1. Projected onto the charge dipole of the range A:77-224 (+1 at Lys/Arg Cβ, -1 at Asp/Glu Cβ, origin at the Cα centre), which of A:126, A:215, A:196 gives the Cα projection farthest towards the positive end?
2. Just to confirm the filter: which GluC sites (Glu not before Pro) across the range B:150-251 are DSSP coil and have at most 15 other Cβ within 10 angstrom of their Cβ?
3. Please identify the trypsin sites (Lys or Arg not before Pro) of the range B:64-127 that satisfy two criteria: DSSP loop assignment and at most 12 other Cβ atoms within 10 Å. Which are they?
4. Which value results for Rg/Rh of the protein assembly as shown when Rg is the Cα radius of gyration and Rh the Kirkwood radius based on the inverse mean 1/r?
5. Based only on other Cβ atoms within 10 Å, what is the fewest-to-most ordering of C:18, B:170?
6. Scan chain A and hand back the longest stretch that contains none of the chymotrypsin sites (Phe, Trp or Tyr not before Pro) lying in DSSP loops with at most 13 other Cβ atoms within 10 Å.
7. Within the range B:1-96, list the GluC sites (Glu not before Pro) lying in a DSSP loop whose Cβ has at most 12 other Cβ atoms in a 10 Å radius.
8. What's the angle, to the nearest 10 degrees (0 to 90), between helix C:68-87's Cα axis and the longest principal axis of chain C?
Amino acid sequence: MDWKVLLEQAPSGGMTYLGWLWSGLFWTLAVSVCAWVIAFTVGSVVGVLRTAPLRIPRALATAYVELFRNIPLLVQMFLWYFVMPEVVPREWGDWLKQDMPNLLVLPFAAQFSLWEFTAAVLCLGLYTASRVAEQVRSGIQSLPRGQTGAGLAMGFTLPQVYRHVTLPMAYRIIIPPMTSEFLTIFKNSSTALTIGVLELTAQSRQISEYTFKTFEAFTAATLIYIAITMTVILLMRSLEKRVAVPGYIAQGSGH
Amino acid sequence: MSTPESPRPMIDLRHVSKWYGPFQVLKDCTTKVEKGEVVVVCGPSGSGKSTLIKAVNGLEPFQEGEIVVNGISVGDPKTNLPKLRACIGMVFQNFELFPHMSITDNLTIGQVKVLGRTREQALEKGLKLLDRVGLLSQKDKYPGQLSGGQQQRVAIARALSMDPIAMLFDEPTSALDPEMINEVLDVMVQLAREGMTMMVVTHEMGFARKVAHRVVFMDHGQIVEDCTKDEFFGTARSERAQAFLSKILHH
Amino acid sequence: MTEFDWGVIWKYREALWDGMLTSLKLFAIALTGGIFFGTLLAMARLSHWKAVSAPAAGFVNLIRAIPFIMAIFWFYFLTPMIVSKFTGQQGEAVGPFTSAVVAFIMVESAYYSEIVRAGIQSIPRGQPSAAYALGMNYWQSMGHVVLPQAFRNMLPVMLTQAVILFQDTSLVYVVALKDFLGAASKAGQLTGRIVELYLFVAVVFLVICLAASWGVKRLQASLAVTR
């Protein structure tokens, strides 16, 4: 065991190996958070449409979920990164591949371009949106049917019913499964290493390749993953408590 | 009254106490069931009677005291509990037939897997007992296809298939619709009259009057009364037992 | 827009088929091993003895906290090391496929243990009690009474997880094993036709997984009726 290796100067980036790990963590979080914004927004819209009484939007939403859920994430990653630039008009493709800025300007210097980052975010975001959509749908469907009827009876339009009645309850109910979806995006962000994004897992492997201290490098990354996972779980638990409706026990938080 | 044939009772409980955390569910319980004796245990809900009967075959562990069944100490960690349980039949409040097995398989699984009987022996025995509880025609059905009363009769047959030396009944009729209670009690009365050693937790005082030798009354985890049937129904001594009886009998 | 040349798929059909066979082999072994060890892990987690339940819980939570790819790297690194320690052999004692298999079994057993645990807990407590009352021991009660019912209850969830596992087999790409995706990627590098090959891979996965999920849904519906 030689933990001091992490404090040695790394061959690039002007930092120690530990600096590489922090840089990896930065990109892991950057990819996860940006992708989560997409996943949450798109997933909410698709999930709502799946419960809406409108034939064609509902069918489209279902098709979206089935398409993104049934192709491996890694294959989707390659479709975005390798295939997309080839099937759009040539100038666009060239711009994506060559002219997107390198990310060396950012606080954690990266040896990859904005296109790698963008492809990873789009891929993870739209993939996870299909999972989020299913959570939103099941949250809405777990509410008593009378709620929508009561909302309509008060003179609300259907969008108003969703906005004021259905969704506020549904989002509270699905906080625990949404937490695990966020943790899934956080873990899945490591697939971005296959298209060159130097996130946490990639950095730990790079350290192991340069120093042959595989055990130390992997252990350090693993501990960081565990620390983030536990932090997210604790944060979401306190959020769940803060928004809890008195007298209503959300499913999944039961003991 | 039966006279004890062995120096030790079939089921012997001495100073049994049990706690769930700080809450004491059994308080210094002492009683016994002689061979061939029928003992009815009654009392308000939450009085610990189900816990007590489950302690007899080791399904509920206890912290203090001693339970000896057929000369074997239940609480002794060296005791082979499966072997002991194999010779004591138990009937549960919710029947607990195995829903993924046919009636026939329910009747034979214990004989084959625990007693090591052949499938043919087990089948012969099981079907004989099924006939005895009047359900031979249902042998190929699944538990979910039978009524509650029928399921409980099968459960009694399943327990008997192991040739038990004693039978434990844990509220065998309380999950049943009223019209099904008697078909189960009839089987139990017949069993009692054949001389089976029985410990029965029940509210059915008619059953107690008919076949019980002794009645044990429990409240708040304690044995309050432990006397012969005639004494219990004649001059039930404690106020709690009297209050309980008057509530039960008015229903 | 470039012109498509779909002939490349026919040209590399054998390599692609071999890749698919590797994927299926990995899938089958990981599924069987994952369910088997996952069941043991679930039983361990539900044990009364802390010495048994705590390590099982620790293992499951650890695996579930790290990315699948990180777990693959870990076992890819650890397996040859541990094996050579026990056999005394050096270096090439275990090949990459074996290491990948170990990684997948470990990760899947952690995921399946959570499913099995929920399945076991869905069985009313009276059922094992009744089995014990008949004189069965722990293993008989589990084997004849609790697990058959639990597996029936959790069949749809287990099959859904199997579809996810089949998709996850593509992750062995990261250790350069030639599964279906790896074979397509190799052919793509040789011919420059990655667009056609990756689209083909996507469609094949989509068709297989859609058919499987549809089958699971049908099964779920028929189970719902019989219950």
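1. A:126
2. B:194
3. B:78
4. 1.07
5. Result, fewest neighbours first: C:18, B:170.
6. A:1-211
7. B:5
8. Tilt relative to chain C: about 80 degrees.
Every number in this text was worked out from the coordinates using simple rules, so none of it is lab data. This structure is a prediction, so every number in the text was calculated from the model and none was measured. Backbone-built Cβ (ideal geometry, glycine too); neighbour counts: all protein chains shown.
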